[in-house]
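Step one of this worksheet: look at the structure below.
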Amino acid sequence: MNEEQRKHQTENVKSDASSTKTEKDYSKYFQSVYIPPSLKDAKKRGKEKIAYHNDFGIEERFRGLGEGRKFYIRTYGCQMNEHDTEVMAGIFMALGYTATNSTEDADVILLNTCAIRENAENKVFGELGHLKSLKRERPDLLIGVCGCMSQEESVVNKILKTHQHVDMIFGTHNIHRLPNILHDAYMSKAMVVEVWSKEGDIIENLPRVRRGEIKGWVNIMYGCDKFCTYCIVPYTRGKERSRRPEEIIHEVRQLAAQGYKEITLLGQNVNAYGKDFDDVTYGLGDLMDELRKIDIPRIRFTTSHPRDFDDHLIEVLAKGGNLVEHIHLPVQFGSTDILKIMARKYSREHFLELVGKIKKAMPNVALTTDIIVGFPNETEEQFEETLSLVREVGFEAAYTFIYSPREGTPAAKMTDNVPMEVKKDRLQRLNALIGEYAKEAMKRYEGQIVEVLIEGESKNNPDILAGYTRRSKLVNVKAPKEVIGKIVKVKITDARSFSLNGEFIEEGVIGSEFLEGVEVE
Ligand code: SAH
Ligand code: SF4
Ligand code: F3S
């Protein structure tokens, strides 16, 4: 929390505490909170030490705020946002609200938004448009916008101008202030805007309601300092801050004791874990080496940055056990020239060398990636370098995106001579190539016995159960419902483009992807 925010907060508390008015009277005098975002401030990286707190609690005056009220949260974007939603759901429940799955039923609707590409933002503005009529019918309904889009000035201005039915806007750094923000929104007639442009400290004891009881997310760090020139995340999520290892280990142990089967460690750039500690030298490799001793079947992490992926981590991951043989390693582009302009701080050669090291240490590894197509002034030759890199690595899957300029980032200022039709055509060619490799990877499963964590009924057929292998392959299998939440052995009978079909054998952990291992060239 910076000085301005602290001052604001104490002022707010003082004015509330000194008021003797009833809620009704009070609303007339209430000055609604207005702290808009600033991308310029969000760009700054200070040297202040991050403090860790364990003192979150619901203030007496907010107790019961949610009695008889229901909340609904719609989440856009990455796992980080999904996990923030779990925290906000936890805060709502602590305030006495109950959850609902329908906007019609809800007394508070929150949109937890993503700013990564323009189309992500358009979806949110579309949804806000739909909610307008709901608000007209039920003026008591509270509508809030939070998450990464709230951190952008242009978004807040647009909402102020054209979506006056929104009651509150808050950002990614102050979700622990949800009780105050809700309270302010109930009291105020004007829109409550409280967005911190600078990250706060780490609060360890925030409540959370996890989405399921099989797989759990655990944040290991927050923020990103990489400032890739196309990316908005360093502005929306603040500077890199790592949680202390003992807190992470404790949380994973707790989840293991509660029966969770799989943990995904979260961070925008998990390979920078621990770089901000000034008292110990401790990195992701050290953390994984501790976590692999915990009795839980599977541990994954996302997302890796190739630059900080070190040999120690590779050595630890190669030990296997509960550390799965799947690494999501976004490369973004295949040409060193463009990687340089993107400020990824590695070359094509360095990336390929890293992949070589990983494959050597983990012969069964599945590598997946993210790729951007149509970066400003990308030439056909440069694009073809991306294609040849995909061939050289043989990624088993990839998320591919057409570059989307983000206001405030350096790349958004670059002129761009590549027409949209060319970008779309390149995306299609890339997807076709990746599809071939994905198909080949799936084909290799036919006849193999694999380990599957059964998550529930298949989306299309309730008689079939579905789950994932350690290398994140979706498997559909006919099996008794009792195995939901358990790890089972399945013989793969046929491979589809995005999933595998198989026959149930028995319950049991294999501890590697395949019962008898396959050789990967
Ligand atoms: N921290 C992760 C990425 C998070 S964003 C990492 O560095 O790998 C997820 C993906 O969105 C990125 O990997 C990138 O491929 C894509 N992306 C980010 N900014 C983008 C933009 N402006 N336009 C198109 N795609 C973008
Ligand atoms: Fe964005 Fe780059 Fe940070 Fe990933 S590492 S979140 S792409 S700035
Ligand atoms: Fe989107 Fe924010 Fe995640 S921009 S991808 S929700 S960190």
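Anything in segment 394-445 that is within 29 Å of residue 515 (Cα to Cα), open to solvent by less than 70 Å² (accessible area, probe 1.4 Å) and not β-branched (Val, Ile, Thr)? List them, or say none. Scanning segment 394-445 gives 394, 395, 396, 397, 398, 435, 437, 438, 441, 442, 445.
Looking only at residues in segment 322-348 that are among the small types (Gly, Ala, Ser) and open to solvent by less than 20 Å² (accessible area, probe 1.4 Å), which one is farthest from residue 452 (Cα to Cα)? This residue is 335.
From the list 27, 32, 15, the one residue that fits, being modelled with pLDDT under 95 and part of a loop (DSSP other than H, G, I, E, B), is 32.
A quick yes/no check of all residues on (1) under 30 Å from residue 340 (Cα atoms); (2) away from ligand 3 (no atom under 16 Å from the Cβ); (3) not in a loop (DSSP other than H, G, I, E, B):
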{"position": "206", "(1), (2), (3)": "no, yes, no"}
{"position": "217", "(1), (2), (3)": "no, no, yes"}
{"position": "225", "(1), (2), (3)": "yes, no, no"}
{"position": "249", "(1), (2), (3)": "no, yes, yes"}
{"position": "253", "(1), (2), (3)": "no, yes, yes"}
{"position": "265", "(1), (2), (3)": "yes, no, yes"}
{"position": "290", "(1), (2), (3)": "no, yes, yes"}
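Residues in segment 211-227: is at least one touching a Cys at 6+ places or on another chain (Cβ under 6 Å), of a type in the set (A, V, I, L, M, F, W, C) and either outside the structural domain of residue 173 (by TED's automatic domain parsing) or within 14 Å of ligand 1 (Cβ to nearest atom) (or both)? Within segment 211-227, not a single residue is touching a Cys at 6+ places or on another chain (Cβ under 6 Å), of a type in the set (A, V, I, L, M, F, W, C) and either outside the structural domain of residue 173 (by TED's automatic domain parsing) or within 14 Å of ligand 1 (Cβ to nearest atom) (or both).
In summary, helices (runs of 4 or more DSSP H) completely within segment 299-381 and bearing 3 or more residues that are within 22 Å of residue 276 (Cβ to Cβ) and modelled with pLDDT of 95 or more occur at 311-317.
Counting the residues of segment 418-437 that are within 19 Å of residue 331 (Cα to Cα) and in contact (Cβ under 8 Å) with a residue 24 or more places away in the chain gives 10. Counting the residues of segment 191-226 that are within 30 Å of residue 457 (Cβ to Cβ) and at pLDDT below 95 gives 2. When every residue of segment 178-190 is checked against the conditions, at least one turns out to be hydrophobic (A, V, I, L, M, F, W, C), in contact with a strand residue (DSSP E or B) (Cβ under 9 Å, 6 or more places away or on another chain), at pLDDT below 95 and not in a helix (DSSP H, G or I).
Taking the listed residues 223, 238, 212, 259, the one that is surrounded by fewer than 22 Cβ atoms within 10 Å (Cβ to Cβ) and at positive phi is 259, with no other qualifying.
The values are calculated or read from the model by the stated rules, or taken from the named source; none is laboratory data. Just so we're clear, the structure is a prediction, and the values are computed from it rather than from any experiment. Because the Cβ atoms are built from the backbone with ideal geometry, glycine has one as well, and the counts that use them run over all protein chains shown. Note: accessible area is taken over every heavy atom of the protein model, side chains too, but ligands, DNA and RNA are not part of it. Shrake-Rupley method; radii C 1.70, N 1.55, O 1.52, S 1.80 Å.
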